[in-house]
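Working notes, beginning with the structure itself.
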Amino acid sequence: MNMHYGIYGGQYVPETLTGALRELEQTYLEAKDDPAFHGELDDLLKHYVGRESPLYYAKRLSEHLGGSRIYLKREDLNHTGAHKVNNTLGQALLARRMGKKRVIAETGAGMHGVATATVAALFGMECEVFMGAVDVARQAPNVDRMHALGAHVRSITDGGATLKDAMNAALREWASCSDTTFYVIGTAAGPYPYPMLVKDFQSVIGKETRRQCLEMCGRLPDQVVACVGGGSNAIGMFAGFEDTPNVRRIGVEAGGMGIQTGQHAASINGGKVGILHGMKAYFLQDTDGQMRDTYSVSAGLDYPGVGPEHCLLADEGRAFYEVANDDEAVAAFDMLCRYEGIIPALESSHALAFAIREAPRHGHDHIIVVNLSGRGDKDMENIRQYKEKHGQNR
Amino acid sequence: MDRIADIFAARKPLIIFTSVGYPTESRCEDAVCAAIEKGADIIELGVPFSDPMADGPVISAASQTAIAAGMNVHKVIAFAARIRSRHPKTGLVLFSYMNPLLHLGYDHTCTLLAEAGVDAILPVDLPLEERDELLEPARSHGLHIIPLVSPLTPEERIIRIVKDMSGFVYYINVAGVTGERAALPPNIGEHIAIIKRHTALPVAAGFGIASAEAAHAAAEVADGVISGSGFVKACSQSTESAADFTAELLRGMGR
Ligand SMILES: Cc1ncc(COP(=O)(O)O)c(C=O)c1O
């Protein structure tokens, strides 16, 4: 198998981890061709997760903006409240196939941690989640959920104490116990084969969207939009539109306080090619090649890198990567709450913010699909604090 | 001239890892020179990296301290050049994660390393699959790339890892990250014997060695003994501690 996406991707890990990656690749390639594997996964996606998730026409929002018709792919309605579970179910089935009794995961917003804790409970596996101390504080409801599900949460204080540091800690742990433990990576990043298998497990988003849009609108959308942290919900959405160049694929990175301030997490728009977490990709770095601490109001986007396939898509102009800043994301969050009665995750609010910017430029015949990757219950305290700090409370 | 080969031909070397710039640049330099004067044969100069995912708490913390004080690849290379001018026979190995090297450019990095008198690069996160991208620039500047083998590496892979390599082979004693261990696994000798079936290169053992007993056990079965976290910890205390630590390991090795 080709481990690279152009110059990106690969398997830049210490020798100690190469065997575990090989074992995972072999298991996955076998499972991929096994109808029983897909049968079980599809059954769980339907009855446990509640797929398919609806494609919903946000009529009031669209009419308010007075341009494009905005449709929402409702991944927020999945069990556990985000797209993350599509991937954790797939990986948990692989873990079981490999006879592993314990799973570990890194998490930022906590949604992947919750989704991993959930499937561990479902399959009777032990679960430990690595989470930066900053994120433990700002995503407290998800820490409680993980505990309720029987997972152990390890708070990581290294570095900036966010997602990057949690992933370092998870990789360190995995190096010492890969014989018994399966590492469930939460985004389309990390060493090969993770970017490939995470994409495959998330591609259900794009496949469903394509079919649903044809059914509802009689044609494909003009644009599909998704937020990009490591890039799993975006690559899953994009996967449904690989052979349709007229569908513009747009990823939205976290601009934090603005790219020019340096306080952001926009790896493609503000980064350089680097190597971390097993892959070559765009990373935010300083002038010495040290990884920078990133900033975003949204914990799930607060990561200095991005999955390798996105890097190649960006270079080749096959997908486009925009930026939404904190203030735009929070305004988009409010607007969806007020106009549609839907509370979106702050991560997904970045994708919405782009659509809100874009819609007025087009006519009513223009269709934008936004991947609503998760729901925002976890973000309420965070939003309250943000507004307090910026004098927006009433 | 192949300094590394000469060193292994003369004796079983003691190889000392230091996190360059820790606890400060000058104290680190004093500690390294003290170790060399006590008898350390090869120094692994660790480039501090923001995300040392193969390192345990001691080296991770040392890296953060060094970075906060402004240590970077350029300064590590200048550090190497100073050690080289004082100790022409000591082996110098740059120990680094890939990102700082990629950032500077592989070819440029190798040019600077060769000029500074460094002998080899030990890339932590560069397995066989990705090795070619650094191997060519390194070779064209006369630098060895030190291959690593872990206890989990199967024999067919060992064959491919050691094939056509130079310098020495680094055998990682334990699966996991760097740091002291209460005891070394009993089967290091068997693993090293397998490696030696497939290469004429010397094999040095590292990870978890921080006492005379561990150094003794490693020297029984390996061609060289590597110690890192223990030395870094000693460095943080004083130059004398670093010298004493080195002497203790040498004593364990019967030197
Ligand atoms: C709801 C939601 N959307 C998006 C993301 C970002 O991840 P990715 O880019 O992998 O989709 C996260 C990550 O935590 C999330 O929780």
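The values are calculated or read from the model by the stated rules, or taken from the named source; none is laboratory data. Just so it is clear, the model here is predicted, and its values are computed rather than measured. As a convention, Cβ positions derive from the backbone with ideal geometry for all residues, glycine included, and neighbour counts pool all protein chains shown.
Against the definition (closer than 30 Å to B:S63 by Cα and either within 16 Å of the ligand (Cβ to nearest atom) or surrounded by fewer than 23 Cβ atoms within 10 Å (Cβ to Cβ) (or both)), how does A:S155 come out, yes or no?
Judged against the criteria, A:S155 is a match.
Got a sec? Which strands (runs of 3 or more DSSP E) wholly within the stretch A:1-115 have at least 3 residues that are more than 14 Å from every other protein chain (Cβ to nearest Cβ) and crowded, with 24+ Cβ neighbours inside 10 Å?
By residue number, A:69-74, A:102-107.
Is it the case that the stretch A:102-115 has a residue that's among the hydrophobic types (A, V, I, L, M, F, W, C) and without any contact (Cβ under 8 Å) to a residue 40 or more places away in the chain?
yes
Among the candidates B:A62, B:A54, B:A68, single out the residue that is within 14 Å of chain A (Cβ to nearest Cβ) and more than 24 Å from B:A175 (Cβ to Cβ).
B:A68
For the stretch A:317-345, how many residues meet the condition of being in contact (Cβ under 8 Å) with a residue 60 or more places away in the chain and either within 11 Å of the ligand (Cβ to nearest atom) or over 18 Å from A:H64 (Cα atoms) (or both)?
12
Where in the stretch A:216-278 are the strands (runs of 3 or more DSSP E), entirely inside, with at least 2 residues that are at pLDDT below 95 and closer than 19 Å to A:A353 by Cβ?
none
Would you pick out the residues in the stretch B:81-100 that are more than 8 Å from every other protein chain (Cβ to nearest Cβ) and assigned to a helix (DSSP H, G or I)?
Those that are more than 8 Å from every other protein chain (Cβ to nearest Cβ) and assigned to a helix (DSSP H, G or I): B:A81, B:R82, B:I83, B:R84, B:S85, B:R86.
Yes or no, residue by residue, for (1) surrounded by fewer than 24 Cβ atoms within 10 Å (Cβ to Cβ); (2) in contact with a helix residue (DSSP H, G or I) (Cβ under 8 Å, 6 or more places away or on another chain); (3) of a type outside the set (D, E, K, R):
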residue	(1), (2), (3)
A:P344	no, yes, yes
A:A351	no, no, yes
A:G363	yes, no, yes
A:V369	no, yes, yes
A:G374	no, yes, yes
A:E381	yes, yes, no
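Tell me which helices (runs of 4 or more DSSP H) are completely within the stretch B:185-255 and hold 1 or more residues being within 16 Å of B:A35 (Cβ to Cβ), or say none if there are none.
B:212-221, B:229-237, B:239-252
Can you name the residue in the stretch A:118-136 that is in contact with a helix residue (DSSP H, G or I) (Cβ under 9 Å, 6 or more places away or on another chain) and small (G, A, S) and, of all such residues, is nearest to A:K101 (Cα to Cα)?
A:A120
Is it true that A:M167 is under 21 Å from B:F49 (Cα atoms), within 12 Å of chain B (Cβ to nearest Cβ) and either touching a strand residue (DSSP E or B) at 6+ places or on another chain (Cβ under 8 Å) or not hydroxyl-bearing (S, T, Y) (or both)?
yes
Quick one: is B:A204 among the small types (G, A, S) and buried (at least 23 other Cβ atoms within 10 Å of the Cβ)?
Spelling it out, B:A204 is indeed among the small types (G, A, S) and buried (at least 23 other Cβ atoms within 10 Å of the Cβ).
Specify the residue that is nearest to the ligand (Cβ to nearest atom); the eligible residues are those in the stretch A:180-225 that are in contact (Cβ under 8 Å) with a residue 40 or more places away in the chain, farther than 28 Å from A:E322 by Cα and surrounded by fewer than 24 Cβ atoms within 10 Å (Cβ to Cβ).
Only one residue fits best here, namely A:T181.
Quick check on the stretch A:54-66. Is at least one of its residues within 19 Å of A:S373 (Cβ to Cβ), among the polar types (S, T, N, Q) and at pLDDT 95 or above?
No: the stretch A:54-66 contains no residue that is within 19 Å of A:S373 (Cβ to Cβ), among the polar types (S, T, N, Q) and at pLDDT 95 or above.
Mind telling me which of the residues A:A239, A:A234 ends up being assigned by TED's automatic domain parsing to the domain that holds A:D286, surrounded by 24 or more Cβ atoms within 10 Å (Cβ to Cβ) and within 15 Å of the ligand (Cβ to nearest atom)?
A:A234
So which residues in the stretch A:161-179 are buried (at least 21 other Cβ atoms within 10 Å of the Cβ), closer than 18 Å to A:G300 by Cα and not acidic (D, E)?
Result: A:T162, A:L163, A:K164, A:A166, A:M167, A:N168, A:A169, A:A170.
If I ask for residues that are buried (at least 24 other Cβ atoms within 10 Å of the Cβ) and out of contact with any Leu (no Cβ under 6 Å at 6 or more places or on another chain), which ones from the stretch B:24-42 would you list?
Listed by number, the residues that qualify are B:C28, B:A31, B:V32, B:A35, B:I42.
Give A:E75, A:E106 a once-over and let me know the one that is within 16 Å of the ligand (Cβ to nearest atom) and within 23 Å of A:A332 (Cβ to Cβ).
A:E75
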